[in-house]
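The values are calculated or read from the model by the stated rules, or taken from the named source; none is laboratory data. Only a predicted model underlies this, so the values are computations on that prediction, with no experimental measurement involved. Note that each Cβ is placed from the backbone with ideal geometry, even for glycine, and that neighbours are counted across all protein chains shown.
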Amino acid sequence: MRKTIVAGNWKMNASKESVKTLIEGILSGMNGVSSEVIVCAPFPYLSQVETLISNTSLMLGAQNLNVNTKGAFTGEVSPDMIKDFGAQHVIVGHSERRSLYGESITIVAEKTKAAIDAGLIPLLCVGESLEERDSGNTEVVVAEQLNAVINLLGIEAFEGIIIAYEPVWAIGTGLTASPEQAQAVHLFIRGLLADSSESIAQKTPILYGGSMNAGNAAELISCSDIDGGLIGGAALKAEDFLQICKAG
Ligand code: 13P
């Protein structure tokens with residue numbers, strides 16, 4: 001049995017005050033939550049969240065990392081720095097980074113490697129654009145994104161990777177993939193992993209992301225290959241986020 005995982009991706013939304021309110025709100029409602037819960041904070045707030053969640057079951061993640069361990073990379077943040085602030089996870093390959101910051105499948109694979117080398121668990125995002133879906137290329141695109149990581153790291157690396165299927169057209173749009181649409185791609189992803197290792201395919205958590213909210217989470221997470229969610233907008237309100245955490 002795979003454990004349900006719910007991760008909040010706050011993106012570039014936070015202030016010291018809102019972080020305190022949000023974390024305290026989440027912590028006050030964690031009774032009865034059996035899912036693993038991760039919050040992915042912007043870099044400047046990692047330290048604050050680390051302190052607020054110490055000695056609780058909440059886990060911390062970052063939203064990006066540099067592939068280098070240290071050096072002359074002005075403005076960048078290394079995997080070890082992320083670990084130094086108590087994070088165990090890091091989002092890699094989010095579609096906003098692929099599309100707005102030109103992260104190629106090669107860079108995403110290298111970032112996945114850098115995270116694993118530092119002892120972090122990558123939340124590896126994959127997903128197709130609307131144009132790619134409409135032209136029947138969803139599986140081609142998702143396979144290409146995953147194969148870049150499998151080819152660089154080997155299938156064994158997926159023992160320490162969480163995959164998030166995030167169709168680009170569903171992110172921040174209110175257009176959630178239907179449970180059938182999402183389950184079909186999750187099953188495809190699991191099949192692709194199984195081509196290399198059936199046992200790793202069965203163990204790898206595959207989360208859904210894209211306009212998941214308190215109203216639709218339970219139905220999505222009840223699908224056999226959907227192991228939780230990567231939540232954007234609905235992760236910014238403790239009440240909504242907790243409802244999603246309880247849906248698992
Ligand atoms: P929304 O939940 O706001 O659609 O964002 C999803 C997402 O991009 C999580 O990484």
- Within segment 175-213, can you find the residues that are among the small types (Gly, Ala, Ser) and within 18 Å of the chain's Cα centre (by Cα)? 177, 182, 201, 209, 210, 211
- Task: State all residues of segment 158-172 that are in contact with a Pro (Cβ under 9 Å, 6 or more places away or on another chain), hydrophobic (A, V, I, L, M, F, W, C) and away from the ligand (no atom under 15 Å from the Cβ); if no residue qualifies, say none.
- Result: 161
- Note on residue 175: of the conditions (1) surrounded by 22 or more Cβ atoms within 10 Å (Cβ to Cβ); (2) within 16 Å of the ligand (Cβ to nearest atom), unmet is (1)
- Could you please give the count of residues in segment 71-127 that are within 16 Å of the ligand (Cβ to nearest atom), surrounded by fewer than 19 Cβ atoms within 10 Å (Cβ to Cβ) and in a helix (DSSP H, G or I)? 3
- Cβ-Cβ below 7 Å, separation at least six or inter-chain, first residue in segment 85-106 and in contact (Cβ under 8 Å) with a residue 40 or more places away in the chain and among the aromatic types (Phe, Trp, Tyr), second assigned to a strand (DSSP E or B) and within 14 Å of the ligand (Cβ to nearest atom): which pairs? none
- Checked segment 206-226 for anything of a type outside the set (Gly, Ala, Ser), within 15 Å of the ligand (Cβ to nearest atom) and touching a Pro at 6+ places or on another chain (Cβ under 6 Å); matches are 220
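Tell me which residues, restricted to segment 151-187, are aromatic (Phe, Trp, Tyr), in contact with a Ser or Thr (Cβ under 8 Å, 6 or more places away or on another chain) and either under 21 Å from residue 112 (Cα atoms) or free of Cβ contacts under 8 Å to residues at least 40 places away in the same chain (or both).
Residues of segment 151-187 that are aromatic (Phe, Trp, Tyr), as a first pass: 158, 165, 169.
Adding the requirement that they be in contact with a Ser or Thr (Cβ under 8 Å, 6 or more places away or on another chain) leaves 158, 169.
The one that is aromatic (Phe, Trp, Tyr), in contact with a Ser or Thr (Cβ under 8 Å, 6 or more places away or on another chain) and either under 21 Å from residue 112 (Cα atoms) or free of Cβ contacts under 8 Å to residues at least 40 places away in the same chain (or both): 158.
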- Task: Could you tell me whether segment 130-151 includes any residue that is outside any helix (DSSP H, G or I), within 14 Å of the ligand (Cβ to nearest atom) and more than 23 Å from residue 84 (Cα to Cα)?
- Result: no
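Regarding residue 225, is this residue touching a residue at least 24 places away in the same chain (Cβ under 8 Å), among the acidic types (Asp, Glu) and assigned to a loop (DSSP other than H, G, I, E, B)? Outline the logic, then answer.
Numbers: touching a residue at least 24 places away in the same chain (Cβ under 8 Å): yes; among the acidic types (Asp, Glu): yes; assigned to a loop (DSSP other than H, G, I, E, B): yes.
Yes.
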- Looking at this structure, is residue 78 over 19 Å from the mean Cα position of the chain (by Cα) and of a type in the set (Gly, Ala, Ser)? no
- Task: Just need a number here: residues in segment 188-210 that are in a helix (DSSP H, G or I) and of a type in the set (Ser, Thr, Tyr).
- Result: 1
- Among (1) of a type outside the set (Ser, Thr, Tyr); (2) modelled with pLDDT under 95; (3) within 18 Å of residue 125 (Cβ to Cβ), residue 168 falls short only on (2)
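Name the residue, out of 237, 203, that is basic (Lys, Arg) and away from the ligand (no atom under 15 Å from the Cβ).
The conditions single out 203.
Does residue 230 satisfy being in contact with a strand residue (DSSP E or B) (Cβ under 8 Å, 6 or more places away or on another chain) and either free of Cβ contacts under 8 Å to residues at least 60 places away in the same chain or not in a helix (DSSP H, G or I) (or both)?
On the way: in contact with a strand residue (DSSP E or B) (Cβ under 8 Å, 6 or more places away or on another chain): yes; either free of Cβ contacts under 8 Å to residues at least 60 places away in the same chain or not in a helix (DSSP H, G or I) (or both): yes.
Yes, satisfied.
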- What number of residues within segment 7-61 are surrounded by fewer than 14 Cβ atoms within 10 Å (Cβ to Cβ) and within 15 Å of the ligand (Cβ to nearest atom)? 1
